[in-house]
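Undergrad: After the C-alpha cells below, expect a handful of questions from me.
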Amino acid sequence: MAGSLSGKFMIGKDDIRFMLLGGNLGRYVGLNFTTDAVLTSNAGNADLETIDGFAGSIAYRHVWSDKWRSSVYFAMGDYDNDASYTGGNVNKSSESWTINTWYTPLPKLDIGAEFRHAVRELENGNDGSLDRLQFSTRYSF
C-alpha cells in the first residue's frame, strides 16, 4: 500500500510545486529505482516481502518575463531494503538538485539549459554522484 500527496501554490506568476510519497513505491518512483517486492522462501513457502520507502520533491518556478522562466528543484528517495533478501547492491537512497532556465523566442518553441547534481547510495554503503549539464529544444505542435 502507498500514498501520495501533491500540490501547487501560486505566488503571482511564480509557483511552488511539491510531491510526497510513502509506502510500497517500487516502480512508481524514479523509473524502477527500487523494486516492489522480493520473492522469499520460508520453510518451503514462497512469499513476497514488500519494500517500503518514501520520496518527495519540491520545486520553485520563477517567471522572469513572457519569454524567460527558471526553476530550482530538489528530489529525494529512501528505501527500506532487507539486505538478507535483496543483498547489498540495491539502491538505498538518492537525492538530486536541479536548476534550469527556459527561453521561449516564438510561440510553441522552448529552448532550455539545465544543471543537475545527484547522489545515489547502495544498501552496502557504496555511493556515487553525477553532475550533468543538459541543453534542450522543444517544439509543441
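Only the coordinates and a few stated rules stand behind these numbers; no lab work does. Predicted model, so just to flag it, every value in this text is computed and none were measured. Cβ: placed from backbone, ideal geometry, glycine included. Neighbour counts: every protein chain shown.
Undergrad: Which semi-axis lengths, in whole Å and largest first, follow from the square roots of five times the eigenvalues of the Cα gyration tensor of the chain?
TA: On the way: eigenvalues 279, 54, 33 Å².
The equivalent ellipsoid of the chain has semi-axes of 37, 17, 13 Å.
Undergrad: Given points 7 Å out from each Cα along the Cα-Cβ axis, report the Trp97 to Phe9 separation in nanometres with one decimal.
TA: The two pseudo-label positions are separated by 2.1 nm.
Undergrad: Subtract the Cα-Cα distance of Phe18 and Thr50 from 0.36 nm times their separation in residues, and report this length gain in nm to one decimal.
TA: Full extension from Phe18 to Thr50 adds 9.0 nm.
Undergrad: If you filter segment 1-104 for trypsin sites (Lys or Arg not before Pro), then keep DSSP loop positions with at most 15 other Cβ within 10 Å, what is left?
TA: Lys13, Lys67
Undergrad: Exactly which chymotrypsin sites (Phe, Trp or Tyr not before Pro) in segment 1-92 are in a DSSP loop and have at most 14 other Cβ atoms within 10 Å? Write down the numbers at each step before the final one.
TA: Details: sites: Phe9, Phe18, Tyr28, Phe33, Phe54, Tyr60, Trp64, Trp68, Tyr73, Phe74, Tyr79, Tyr85; in loops: Phe33, Trp64.
Passing both the DSSP loop test and the Cβ count: Trp64.
Undergrad: Taking only C-alpha pairs under 8 Å that are 6+ residues apart, what is the relative contact order of segment 2-139 in percent?
TA: Relative contact order of segment 2-139: 16 percent.
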